[in-house]
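Structure, as structure tokens:
None of the figures in this text is laboratory data; all of them are computed from the coordinates on show. A quick note: this is a predicted structure, and the numbers were derived from the prediction, not measured. Cβ sites come from the backbone with ideal geometry, for glycine too, and all protein chains shown count toward neighbours.
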Amino acid sequence: MSFDFDTIHPRLDTGSTKWNRYPPDVLPMWIADMDIAAPPAVLQALHQRLDQQILGYSVAGPDVRAAIVADLWAKYAWRVQPDELLFLPGVEPGFNMALHAFVQPGQAVVLQTPNYRPIRLAPGNWNLPRIEVPFKLVNAQYITPMPLLRQALTGAGALLLSNPHNPVGKVFPREELLAVANACLEQGALIISDEIHAELCFDGRRHIPTASLSPEIAQRTITLMSASKAYNVAGLKTCFAVVQNAEMRERFNQARCGMVDSVSPLGLEATRAAYSQCSDWLEALLQYLQANRDYLLDAVKTRLPGVVMHAPQGTFLAWLDCSALGLDDPQQFFLEQAKVGLSAGIEFGDDCQQFVRLNFGCPRALLEEGLQRMERSLLTR
């Protein structure tokens, strides 16, 4: 079966966060939201759910839980029980809930940089110290400096992990992930693992859920996942946490504190359909995104002099180093001169002013349009 990823779906005046941020003449390539239609099976399931005509408060039924459990086993050989799943309106509420529930006042929260802005800000939401451990770039790959990480974890309450990593697109290999997880166990630090991009791995890589490494690691890990990125249903605000330690699961659930509510019936239905009916669509999407990545890599090398890109191993996000351009603010330059809206590097780390993040999860024609605009802006400056 073939799927259409090339059609451009107009999103101006649709209430889209991505397309509403800038004036209409700016091409938005910033937030992690694909300009690709959700899978046909998901859309059909949503239409059928709407035919019920009542959209009251909803809970995840056995069919939703069974679809997730089967998917986790099929993709990762990770055996999860249905009652180990907790449903939330987003990954961001999830890692904030975990910090509030488990990290004591004064304990530090460790994270690797550059990193997703809400992860960087999360410790501050609870007045917790934040320790950042920068990745080390070795042979065009981002590597965890284990001695620095172990030092940072001393006395820390938690590690906030992003895997596949946003923004550098790193897919942690088993050996490195195991070293990171074991360092947390040695120091008694909780692992809070944001795995929202789990399905989006390139070049034959397969995501490894942190909690699947060993029973001991599973007992100290809260895993946050969602259909939102791979199946492009983020606006339905539905994710799930996998918490295999029963005591931790109860404590985590209590941290809702009247602020983190249940999820929508449409989000639950989209999640069920995504994980039970869309494997062929996902395989085709991965091929399309990998081709977009390779197209972008070649274009950066040949058409954007002064910009450096290392191939992301996963996600649909490119981390572009603009240091050689000599610009005060590359994000502002491309916004004003190219009319392309990118994510500013400073959002991901205090030393990332010379970087921008570009979303290549879009029809090829939109990607090419963005590249043409950026190329012209560099040629005419």
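What does the convex hull of the Cα atoms come to per residue for region 44-94, in Å³?
Normalising the Cα hull of region 44-94 by residue number yields 119 Å³.
For q = 0.19, 0.24 Å⁻¹, what log10 I(q)/I(0) does region 197-300 give under the Debye formula with an equal point scatterer on each alpha carbon and no solvent?
With no solvent term, the Cα-only Debye profile gives -1.09, -1.28.
Determine, for the chain, the count of lysine pairs separated by eight or more sequence positions (or lying on different chains) whose alpha-carbon distance falls under 26 Å.
Pairs that pass both the separation and distance tests number 15.
Once you list every other residue whose beta carbon is under 15 Å from the beta carbon of ARG49, what net charge do they have if Lys and Arg are +1 and Asp and Glu are -1?
Neighbour charge sum, excluding ARG49 itself: -2.
Could you put TYR275, TYR142 in order, starting from the residue whose Cβ has the fewest other Cβ atoms within 10 Å? Walk me through the intermediate numbers first.
Values: TYR275 24, TYR142 20.
In order of increasing Cβ crowding within 10 Å: TYR142, TYR275.
By what distance, in whole Å, do the Cα atoms of the chain stretch along each of the three principal axes, largest value first?
61, 55, 37
Normalising by the residue count of region 43-277, find the relative contact order in percent from Cα pairs under 8 Å and 6+ residues apart.
Answer for region 43-277 is 27 percent.
If you filter region 1-84 for trypsin sites (Lys or Arg not before Pro), then keep DSSP loop positions with at most 15 other Cβ within 10 Å, what is left?
Taking region 1-84 and a limit of 15 other Cβ atoms within 10 Å, the loop trypsin sites (Lys or Arg not before Pro) found are ARG11, ARG21, ARG79.
Per residue and in cubic angstrom, what volume does the convex hull of the Cα atoms of region 247-343 have?
Each residue corresponds to 217 Å³ of Cα convex hull volume.
Can you put CYS322, CYS257 in order of Cβ neighbours within 10 angstrom, beginning with the fewest?
CYS257, CYS322
Across region 182-194, in residue order, what do the Karplus-derived ³J(HN,Hα) couplings come to in whole Hz, using 6.51 cos²θ - 1.76 cosθ + 1.60 with θ = phi - 60° and x for Gly and Pro?
Karplus values, whole Hz, x for Gly and Pro: 5, 4, 5, 4, 4, 9, x, 8, 5, 9, 10, 10, 7.
Sorting THR271, THR154, THR144, THR14 on the 10 Å Cβ count, fewest up front, what's the list?
Sorted ascending by nearby Cβ count, the order is THR14, THR154, THR144, THR271.
Based on DSSP H runs of at least 4 residues, each adding -39500 (n - 2.57), what is the mean residue ellipticity at 222 nm of the chain after dividing by all its residues, to the nearest 500 deg cm²/dmol?
Helix contribution divided over all residues of the chain: -11500 deg cm²/dmol.
Hey, what's the Kirkwood Rh for region 96-254 if you take every pair of different alpha carbons, in angstrom?
15.9
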